[in-house]
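A.B. asks: I'd like to ask some things about the structure below.
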Amino acid sequence: MGKWYESRYRRTLLDMHIEDWDDSFMAEFDPEEYFRMLKRAQVSAPMIYIQSHVGLCYWPTKTGVMHRAFTGKEDQIRHLIDLCHQDGMSVVVYYSIIFNNREYDRHPEWRMRDAYGQGSRDHGGRYGLCCPNSKGYRDFVKAQIKEFCEYFDFEGVFFDMTFWPEVCYCDSCKKRWAEKNEGDMPQTVDWRDERWTEFDRERHQWIYEFARLCTDEVHKYRPDATVEHQYGNSIAFWRFGNNENVSLASDYIGTDLYGGLRQQSFACKAWYNLTQNQPFQYMTSRCYPTLAEHTSTKTKDQLRQCVGMTYIHHGASLLIDAIDPAGTVDKRVYSLMGEIYGEAKKYEPYLNRGVQAYDVSLYFNLNGKFDPNANGIHVMDHRLDRDTGSGGGMPHYDALMGAANILAAAHIPYGIINNWKRQEMFGHRVLAVPDAPGMSGEEAELILDYVRGGGSLYLSGQCHPRLLKEIFGAEADGYTDGRMTYLAPEEGEDNVMEGYFTKKYPLVMFEPAVKLKEGFRGKVLANLTFPYTLPGIRWSMFPADIHEEEYVDVNGPAYKFATIHANPPGIPTEEPGMILAGYGKGRAVYSALPIERAGRSQHGAVFTNIIKMLAGGEFCFRADAPETVECVMFRDEEKKEALLGVIETREGYSIPDTPGICLEIRAEQAPEKVWLLPDEKELSFTWKNGIASVSLEPFSIYAMVLAKWKD
């Protein structure tokens, strides 16, 4: 018999971060009504609070503080869980770590401290942060785990907030740092400084050790229970301290995000190759746009898109609601969930079949989520939180997202691999490594092996120097000046910009390019071109728009301009901006500018042309469909099946039906049958030159097609 999570795809969570300073708070909580709402929503695995960010427990704790509303009715949550079990549901209990207001207040010595020695609530913040390096706090968490494991019956535990919300400089962190390092903990972000990069590695390790401690404590008392940790910050920048560390401490990964369908598509593909066991879990709120709007609800179509995007990636969906302070819920929400999950559950028998099939791998460097030019900036400087071109943002992630959006719109089959499971690259024809700083020598060597063996590689921007040297005989020499650079194509057979850009009207990027020293090998696809004058950081016709760090020296080279509203190309050069080179049995393209990050139609077309050139043949599927339709395919070689999911990603409150589209599946022989799921309605198809073409009638939000071959 498999693990519970392998067959429970319809999940929900009712946030219960409720204080108890008012007697009315949670006074109307009714476990029987809660259970009836779960039934109405057709949930198969609810996540249920036993404690919250407030730090109040929903059981008669001896080590912590119980919510006052449960005095005299301490077993209400246990009764709720019993009701769920009697109905055949699997239950995950929710416990908040690091975020704990009560223990923050009761134990000042456990508090995180910022670089100025301040606690998180010293200036009115809502969230009390306890440091995972504090021995007292760790002992407390262990005692709490023992208590709730002995009090409740459950199938799994979700530990929320397993990350660093800030860079902590408390006494416990200082002590841990001093155990291995001399001198004070660094407070200046500098990715060229070994002390800073060592500090970054230590913070990742500290979070892993804390996550592992929590997981091991659960398994000490409940060896069969699963453990998952909050993992949303796997796609957030370096401050949060998440790489593969949290996944290593989780049976499967799951988290909540609120960045829209494109972000969800990226996350589903990333987590598919980051989780230790399938399915991964995708969580998002029923509130629109986030939980901050307690009474605003996503429309039925919006929620169907959320669930459909998760399902076509073979993930488990978890919709989040939030309880009213009184302890009640809006019944209409659960009726809506029931409609959506009632439709979705029909697809569940197909979601454990096969593996994701794709031709292009996007390489997600989990240790490269920083701006390599963000140097000399104090950790408390808010520029780190903004993508301003002055140290903020996460260029690697932005380039990855750009590449993912382009490939999805072009219906090119792609997946997202990572530096933890990097061997995955060898199963796919093209590997794209967009603007990835912080790569290790081991990663670089594996990528070289991939290309030597016949793989095709796309590199852009920052990359490991060994890749440039080995493949292109090139060496980076810093960046070009100014904040604008152009790529002017070379005419000829490999002109990937044909029809979009020319030497006179080159491709523009609002960032400097990586400069290459003289001496390289390969064919130049494009050279760098510069504006007539050196652009400043930013310009505006409204003086109030320009911040102090963006001031331009009126006597400097950035003050002059050719035309007042723009910086057109004016200085062509022979400096290489894009190179194509063979290496071993494979080949590679290097672009000194990450064109995939631009978010422009023409740039996307050029990137698509590069990927098609490197792929050198038909993809495993394609679609004649609008760019807003995304396709994801899973193949089961053992069962001789291909499952192709399609989803409409147009934004809006009401999503019109998608017109009929044509899907093409590449295979060595014609399929025996093709069905439209979930009713297994047989579809007609044509077979020619190794491609099965299937016409799909207009559909609403998402659809799945199953092709079956003879054994």
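Read the figures in this text as sums done on the coordinates, not as results from a lab. Computed from a predicted model, the values in this text were never measured in an experiment. Here the Cβ positions follow ideal geometry from the backbone for every residue, glycine too, while neighbour counts run over all protein chains shown.
A.B. asks: If each of residue 628 and residue 537 carries a label point 7 Å out from its Cα toward its Cβ, how far apart are those two points in nm?
C.D. replies: Between residue 628 and residue 537, the label points sit 3.8 nm apart.
A.B. asks: Next question, about the same structure. If you take the square roots of the eigenvalues of the alpha-carbon gyration tensor of the range 1-86 and sort them as a ≥ b ≥ c, do you get rounded (a/c under 1.5), prolate (a/b over b/c) or oblate?
C.D. replies: It is prolate, given that a/c is not under 1.5 and a/b is the larger ratio.
A.B. asks: Just to verify a number: FRET efficiency for residue 219 and residue 107, C-beta to C-beta distance, R0 = 35 Å, to 0.05?
C.D. replies: 0.85
A.B. asks: Taking 7 Å along the Cα-to-C-beta vector as the label spot, tell me the residue 711-residue 139 distance in nanometres, rounded to one decimal.
C.D. replies: Computed distance between label sites residue 711 and residue 139 equals 6.2 nm.
A.B. asks: For the range 378-505, what log10 I(q)/I(0) values come out of the Debye formula at q = 0.11, 0.17 1/Å, with one point per alpha carbon and no solvent?
C.D. replies: -0.51, -1.20
A.B. asks: What does the charge add up to near residue 219, with Lys and Arg as +1, Asp and Glu as -1, over the other residues with Cβ less than 15 Å from its Cβ?
C.D. replies: Net local charge, residue 219 excluded: -1.
A.B. asks: Here is a follow-up. For a quick check: sort 548, 19 by the number of other beta carbons within 10 angstrom, fewest at the front.
C.D. replies: 548, 19
A.B. asks: Let me ask something else about it. Using a/c under 1.5 as the rounded threshold, could you call the range 563-614 rounded, prolate or oblate? The axes a ≥ b ≥ c are square roots of the C-alpha gyration tensor eigenvalues, and prolate needs a/b larger than b/c, oblate otherwise.
C.D. replies: Values: a/c = 3.66, a/b = 1.66, b/c = 2.21.
Note, shape of the range 563-614 comes out oblate.
A.B. asks: Can you run phi through the Karplus equation (6.51, -1.76, 1.60; θ = phi - 60°) for the range 223-238 and list ³J(HN,Hα) in whole Hz, with x for Gly and Pro?
C.D. replies: In residue order, the calculated couplings are x, 8, 6, 8, 10, 10, 10, 3, 9, x, 7, 4, 10, 10, 6, 4 Hz.
A.B. asks: Would you kindly state how much longer the chain becomes between residue 63 and residue 33 on full extension, computed as 0.36 nm times their sequence separation minus their alpha carbon distance, in nm to one decimal?
C.D. replies: Computed gain between residue 63 and residue 33 is 7.9 nm.
A.B. asks: Moving on. Charges at C-beta only: +1 for Lys and Arg, -1 for Asp and Glu. How large is the resulting dipole of the range 4-352 about its Cα centre, in Debye rounded to 20?
C.D. replies: 600 debye
A.B. asks: Under the 0.36 nm per residue contour assumption, what length would be gained going from the current alpha-carbon distance of residue 82 and residue 278 to full extension?
C.D. replies: Length gained, residue 82 through residue 278: 67.9 nm.
A.B. asks: Another question, then. Can you list the residues, at least 5 places off or on another chain, whose amide H is less than 5 Å from the amide H of residue 297, using H built in the peptide plane?
C.D. replies: Residues meeting the amide H criterion: 288.
A.B. asks: Still on this structure: Which ³J(HN,Hα) values, rounded to whole Hz and listed in residue order, are derived for the range 23-38 from phi using the Karplus coefficients 6.51, -1.76 and 1.60 in 6.51 cos²θ - 1.76 cosθ + 1.60 with θ = phi - 60°, glycine and proline given as x?
C.D. replies: 4, 7, 5, 6, 5, 9, 4, 9, x, 5, 5, 4, 4, 4, 5, 4
A.B. asks: Could I ask something else about it? Enumerate by residue number the trypsin sites (Lys or Arg not before Pro) in the range 499-603 meeting two conditions: DSSP loop (anything except H, G, I, E, B), and at most 11 other Cβ atoms within 10 Å of the site's Cβ.
C.D. replies: Here the trypsin sites (Lys or Arg not before Pro) that fit, given the DSSP loop and packing criteria, are 504, 517, 560, 585.
A.B. asks: Once you place label points 7 Å from the Cα toward the Cβ at residue 126 and residue 574, how far apart are they in nm?
C.D. replies: 6.2 nm
A.B. asks: Going by a ≥ b ≥ c, the root eigenvalues of the Cα gyration tensor, does the range 621-708 fall in the rounded group (a/c under 1.5), the prolate group (a/b larger than b/c) or the oblate group?
C.D. replies: Prolate, since a/c reaches 1.5 and a/b exceeds b/c.
A.B. asks: What is the sum of charges, Lys and Arg at +1 and Asp and Glu at -1, for the other residues whose Cβ falls under 10 Å from the Cβ of residue 649?
C.D. replies: -2
A.B. asks: Still on this structure: For every other residue with a beta carbon closer than 13 angstrom to the beta carbon of residue 688, add +1 if it is Lys or Arg and -1 if Asp or Glu, then tell me the sum. Provide the component values of the computation, followed by the final result.
C.D. replies: Working: positive: 666; negative: 618, 664.
Counting the neighbours of residue 688, the net charge comes to -1.
A.B. asks: A further question follows. Cut-off is 10 Å between beta-carbons; in what order do 505, 347 appear when sorted fewest neighbours first?
C.D. replies: Taking fewest neighbouring Cβ atoms as first place, the list is 505, 347.
A.B. asks: On to the next question. Collect residues whose amide H, placed 1.01 Å from N in the peptide plane, falls under 5 Å from the amide H of residue 99; neighbours closer than 5 in sequence don't count.
C.D. replies: So residue 99 has HN proximity to 130.
A.B. asks: Looking at the chain from every direction and averaging, what is the projected area of its Cα convex hull in nm²?
C.D. replies: Result: a mean projected hull area of 32.9 nm².
A.B. asks: To the nearest 500 deg cm²/dmol, what mean residue ellipticity at 222 nm is calculated for the chain from DSSP H runs of n ≥ 4 alone, each contributing -39,500 (n - 2.57), summed and divided by the residues?
C.D. replies: Value at 222 nm, helices only: -8000 deg cm²/dmol.
A.B. asks: Further question on the same structure: How big is the dipole moment of the chain about its Cα centre under a simple scheme where the beta carbon of each Lys and Arg is +1, that of each Asp and Glu is -1, and everything else is neutral? Debye, nearest 20, please.
C.D. replies: Its charge dipole is roughly 880 debye.
A.B. asks: Further question: Residue 116 to residue 679: extension gain in nm, 0.36 nm per residue of separation minus the Cα-Cα distance?
C.D. replies: 196.5 nm
A.B. asks: Can you sort 310, 658 from fewest to most other Cβ atoms within 10 Å of each residue's own Cβ?
C.D. replies: Details: 310 27, 658 22.
Arranged by neighbour count, lowest to highest, 310, 658 become 658, 310.
A.B. asks: Residue by residue through the range 566-582, which ³J(HN,Hα) values in whole Hz follow from phi under the Karplus form 6.51 cos²θ - 1.76 cosθ + 1.60 (θ = phi - 60°), with glycine and proline marked x?
C.D. replies: So the J values, rounded to whole Hz, are 8, 9, x, x, x, 10, x, 9, 9, 6, x, x, 8, 10, 10, 9, x.
A.B. asks: Taking amide H positions as placed in the peptide plane 1.01 Å from N, state which residues far from residue 527 in sequence (5 or more) or on other chains have amide H under 5 Å from it.
C.D. replies: Under 5 Å from the amide H of residue 527: 488, 490, 577.
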